[in-house]
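This report refers to the structure that appears directly beneath it.
The values are calculated or read from the model by the stated rules, or taken from the named source; none is laboratory data. As the structure is a computational prediction, the values presented were derived from the model and not from experiment. Note that each Cβ is placed from the backbone with ideal geometry, even for glycine, and that neighbours are counted across all protein chains shown.
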Amino acid sequence: MSMDPNLELIEALNQIEKEKGIDTDTLLEAIKAALISAYKKNFGSAQNVNIDINEVTGKIRVFAQKEAVDEVSDTRTEISIEEARGIDPNYELGDIVEIEVTPKHFGRIAAQTAKQVVVQRIREAERSIIYEEFVNREDDIVNGIVQRHENNNVFIDLGKTEAVLTPAEQIPNETYKQGDRIKAYIVDVKKTTKGPQIVVSRTHPGLLRRLFELEVPEIFEGIVEIQSVSREPGSRSKVAVSSRDENVDPVGACVGPKGVRVQAVVNELRGEKIDIVQWDEDPTVYVANALSPAKVVSVHIVGEKIAQVVVPDYQLSLAIGKEGQNARLAAKLTGWKIDIKSESQKSAEAEREAELVGEGQQGEDTIEEEENS
């Protein structure tokens with residue numbers, strides 16, 4: 001013997017509450033609202049109706065709501081006071097009288113409508129749960145599997161949902177093959193009609209920070225701190241680190257025994273070169289460190305956040321880097337404008353200045369001689 005479909009509905013709602021955490025009352029209210037519009041669509045839109053769903057048996061009844069009036073001008077929305085009092089002698093003028101108008105075959109429409117509402121609400125609730133989970137993980141790393149490419153976007157399967165890696169967030173010349181397992185950085189989580197949209201990045205400096213946190217226990221524990229990161233994604237990066245414990249070398253901790261820790265980060269970023277440098281509160285020391293691997297002779301502060309750096313002649317091209325990359329990354333890392341000169345350039349400048357001073361002095365002597373004669 002098959003179960004009464006109305007009772008089935010109540011059992012299904014109770015089951016959903018247990019499994020999905022969606023409140024039965026909330027679902028019933030949504031079903032009622034959907035049934036009212038289904039009734040109006042199928043059985044006359046002018047009537048005001050109310051739906052009653054018995055929470056034990058699941059029986060669905062439709063009631064027309066009519067106002068008790070002296071003289072009826074529209075039978076769909078009004079009822080005479082005499083007729084109303086025939087139902088219940090306590091009705092007064094202006095009262096709303098409810099009369100059952102449940103159509104014969106309304107059960108089938110009701111079952112269909114209820115099913116649609118329940119499916120929609122489950123979908124909404126699941127999307128909401130996913131949104132809440134990922135909105136709290138902005139600025140965090142996710143692991144995923146490359147699923148597909150669409151209009152230059154790469155979609156990554158995160159298990160419960162998928163994330164999008166837009167062209168702007170992709171590392172230049174990095175290929176993303178279907179089935180590749182990759183790590184990415186969550187930059188934005190948006191609510192959309194199709195559910196949460198999770199935008200991830202492979203180029204964000206935050207990805208580098210998080211990868212070091214995963215690989216270096218001292219960073220995770222807060223002993224070693226990443227003070228600054230500058231990145232040219234896919235090519236080279238610089239990371240400035242400091243230590244809260246004088247017995248812990250921050251650069252050594254990040255490099256790891258035989259370089260295994262930094263190598264793990266390099267591998268995840270498919271060969272991006274990483275310079276790890278020691279941060280220092282003294283800007284002259286910090287700027288010198290930031291230009292690593294180049295050796296620096298001296299650093300002079302020549303203006304507001306402007307440093308002049310002197311390097312040995314043979315180190316000039318290394319300090320500047322290919323197409324100026326090393327100097328550019330060091331400037332970005334420290335927040336200082338860095339002017340790099342070789343020792344011979346500096347001494348030539350000094351000689352020129354001395355000559356100008358000498359010429360100026362000679363000029364003054366000549367003027368004095370003319371004045372005295």
Taking the stretch 170-199 and keeping only residues that are of a type in the set (D, E, K, R), in a loop (DSSP other than H, G, I, E, B) and more than 14 Å from residue 143 (Cα to Cα), one is left with 174, 177, 194
Residue pairs within 6 Å by beta carbon, gap of at least six or interchain, first lying in the stretch 7-18 and under 17 Å from residue 124 (Cα atoms), second hydroxyl-bearing (Ser, Thr, Tyr) and assigned to a helix (DSSP H, G or I), listed first then second, are 13/24; 17/24
Looking at the stretch 247-265, is at least one residue in contact with a strand residue (DSSP E or B) (Cβ under 9 Å, 6 or more places away or on another chain), on the phi < 0 side of the Ramachandran plot, in contact (Cβ under 8 Å) with a residue 60 or more places away in the chain and buried (at least 20 other Cβ atoms within 10 Å of the Cβ)? no
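Within the stretch 199-236, take every residue that is among the small types (Gly, Ala, Ser) and touching a helix residue (DSSP H, G or I) at 6+ places or on another chain (Cβ under 6 Å) and give me the one that is surrounded by the fewest Cβ atoms within 10 Å (Cβ to Cβ).
Only one residue fits best here, namely 228.
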Flagged pairs (Cβ under 7 angstrom, 6 or more apart or on separate chains; first in the stretch 87-100, on the phi < 0 side of the Ramachandran plot; second surrounded by 10 or more Cβ atoms within 10 Å (Cβ to Cβ) and among the hydroxyl-bearing types (Ser, Thr, Tyr)) are 97/91
Residue 213 meets each of (1) in a helix (DSSP H, G or I); (2) in contact (Cβ under 8 Å) with a residue 24 or more places away in the chain with one exception, condition (2)
Scanning the stretch 281-300 residue by residue, those within 39 Å of the chain's Cα centre (by Cα), exposed (fewer than 14 other Cβ atoms within 10 Å of the Cβ) and not charged (D, E, K, R) turn out to be 293
Considering only the stretch 194-205, I want to know if a residue exists there that is touching a residue at least 60 places away in the same chain (Cβ under 8 Å) and small (Gly, Ala, Ser). yes
All conditions in (1) touching an Asp or Glu at 6+ places or on another chain (Cβ under 8 Å); (2) more than 23 Å from residue 348 (Cα to Cα); (3) at pLDDT 95 or above; (4) not hydroxyl-bearing (Ser, Thr, Tyr) are true of residue 263 except (1)
- [ ] Answer yes or no: is there a residue in the stretch 172-194 that is at pLDDT below 90, hydroxyl-bearing (Ser, Thr, Tyr), out of contact with any Cys (no Cβ under 8 Å at 6 or more places or on another chain) and not assigned by TED's automatic domain parsing to the domain that holds residue 16.
- [x] yes
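Yes/no per residue for (1) part of a helix (DSSP H, G or I); (2) in the same structural domain as residue 342 (by TED's automatic domain parsing); (3) among the small types (Gly, Ala, Ser):
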| position | (1), (2), (3) |
| --- | --- |
| 245 | no, no, no |
| 258 | yes, no, no |
| 261 | yes, no, no |
| 266 | yes, no, no |
| 271 | no, no, yes |
| 289 | yes, yes, no |
| 293 | no, yes, no |
| 296 | no, yes, no |
Picked from the stretch 266-280 (must be under 15 Å from residue 214 (Cα atoms) and free of Cβ contacts under 8 Å to residues at least 60 places away in the same chain), the residue surrounded by the most Cβ atoms within 10 Å (Cβ to Cβ) is 266
Among helices (runs of 4 or more DSSP H) entirely inside the stretch 1-99, those with 3 or more residues being within 24 Å of residue 119 (Cβ to Cβ) and at pLDDT 80 or above are 5-20, 24-43
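Among 142, 154, which is among the aliphatic types (A, V, I, L, M) and without any contact (Cβ under 8 Å) to a residue 24 or more places away in the chain?
Of 142, 154, the one residue that is among the aliphatic types (A, V, I, L, M) and without any contact (Cβ under 8 Å) to a residue 24 or more places away in the chain is 154.
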Given the structure, is residue 166 surrounded by 18 or more Cβ atoms within 10 Å (Cβ to Cβ) and either under 14 Å from the mean Cα position of the chain (by Cα) or not hydrophobic (A, V, I, L, M, F, W, C) (or both)? no
### Query
Quick one: is residue 307 on the phi < 0 side of the Ramachandran plot, outside the structural domain of residue 227 (by TED's automatic domain parsing) and out of contact with any Ser or Thr (no Cβ under 8 Å at 6 or more places or on another chain)?
no
